[in-house]
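Here's the structure we're looking at; comments come further down.
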Amino acid sequence: MSNIEQTLSIIKPDAVERNLDEKIKSIFVKEGFKIVKEKKIKLEKIDAEKFYKVHETKPFYYDLCEYLSSGPIVAMVLEKENAVSSNRQIMGATDPKNANEGTIRKQYGISIDKNSVHGSDSIENAKKEINFFFKD
Ligand code: CMP
């Protein structure tokens, strides 16, 4: 039975700044994702705070929001069978040091903060995050 899902992916400021967006998008396409929606934007800090609200009690919350709003990002809706888990595999572990060979974060991530991409961690959060960027 097919299980087509959508997930939200963000190409973060460190990757956009290094002009890696087309390269990262081509990895998703090669892995069978359809990029259903896409936009390049620069968030205000208040929007980054809303986006990462689930992390508001974490010690890294302030820096995280500061960082996500520090430069342009590319937000995308990716579609594929089991898109949420597939995207997380392709991204690799949050900390590039721990990411598997061949993953996006292993190849391009600089640090746990500048880890080049974000991906929704569950179907429920994917819906919320897609709605955050692409309210039609
Ligand atoms: P992301 O998948 O976008 O979700 C939250 C982000 O917080 C995460 O990627 C990291 O870039 C960042 N972060 C910074 N410090 C930590 C930490 N100790 N644990 C998890 N995420 C962290």
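The values are calculated or read from the model by the stated rules, or taken from the named source; none is laboratory data. Source: prediction; values computed, not measured. For neighbour counting, all protein chains shown are included, and Cβ atoms are generated from backbone atoms with ideal geometry for every residue, glycine included. Note: areas computed on protein heavy atoms with side chains; ligands, DNA, RNA excluded. Shrake-Rupley method; radii C 1.70, N 1.55, O 1.52, S 1.80 Å.
Could you tell me whether ILE104 is touching a helix residue (DSSP H, G or I) at 6+ places or on another chain (Cβ under 6 Å), farther than 22 Å from ASN131 by Cα, among the β-branched types (Val, Ile, Thr) and open to solvent by 20 Å² or more (accessible area, probe 1.4 Å)? Break it down into steps so the answer makes sense when it comes.
Numbers: touching a helix residue (DSSP H, G or I) at 6+ places or on another chain (Cβ under 6 Å): yes; farther than 22 Å from ASN131 by Cα: yes; among the β-branched types (Val, Ile, Thr): yes; open to solvent by 20 Å² or more (accessible area, probe 1.4 Å): no.
Judged against the criteria, ILE104 is not a match.
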Considering only residues that are open to solvent by 80 Å² or more (accessible area, probe 1.4 Å) and farther than 21 Å from TYR61 by Cα, which ones fall in the range 107-123? GLN107, ILE123
All but one of (1) in contact (Cβ under 8 Å) with a residue 60 or more places away in the chain; (2) under 12 Å from THR7 (Cα atoms) hold for PHE33; state the number of the condition that does not hold. (1)
If I go through the range 33-77 residue by residue, how many of them are among the small types (Gly, Ala, Ser) and open to solvent by 20 Å² or more (accessible area, probe 1.4 Å)? 1
Does LYS50 satisfy the criteria of being near the ligand (Cβ under 8 Å from one of its atoms) and either in contact with a Phe, Trp or Tyr (Cβ under 9 Å, 6 or more places away or on another chain) or not β-branched (Val, Ile, Thr) (or both)? no
Against the condition assigned to a loop (DSSP other than H, G, I, E, B), closer than 14 Å to GLU129 by Cβ and more than 11 Å from the ligand (Cβ to nearest atom), how does LEU43 come out, does it pass? yes
I'd like the full set of residues that are in contact with an Asp or Glu (Cβ under 8 Å, 6 or more places away or on another chain), touching a residue at least 60 places away in the same chain (Cβ under 8 Å) and more than 12 Å from GLN6 (Cβ to Cβ), limited to the range 110-132. ILE110, LYS114, ASN115, SER116
Scan the range 87-100 and tell me whether some residue there is near the ligand (Cβ under 10 Å from one of its atoms), in contact with an Asp or Glu (Cβ under 8 Å, 6 or more places away or on another chain), of a type outside the set (A, V, I, L, M, F, W, C) and open to solvent by 20 Å² or more (accessible area, probe 1.4 Å). yes
Could you grab me the full set of residues in the range 101-136 that are hydrophobic (A, V, I, L, M, F, W, C) and farther than 20 Å from GLU38 by Cα? ILE110, ILE112
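Restricting to the range 22-32, name every residue that is assigned to a helix (DSSP H, G or I), open to solvent by 70 Å² or more (accessible area, probe 1.4 Å) and within 17 Å of GLY92 (Cα to Cα).
Pass one, the range 22-32, residues assigned to a helix (DSSP H, G or I): 22-30.
Imposing the further condition that a residue be open to solvent by 70 Å² or more (accessible area, probe 1.4 Å) reduces the set to 22-23, 29-30.
Result: LYS23, VAL29, LYS30.
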By residue number, the members of the range 108-120 that are near the ligand (Cβ under 8 Å from one of its atoms) and in contact with a strand residue (DSSP E or B) (Cβ under 9 Å, 6 or more places away or on another chain) are VAL117, HIS118, GLY119
Suppose we filter the range 1-21 for residues that are open to solvent by 60 Å² or more (accessible area, probe 1.4 Å) and closer than 29 Å to PHE60 by Cα; how many remain? 4
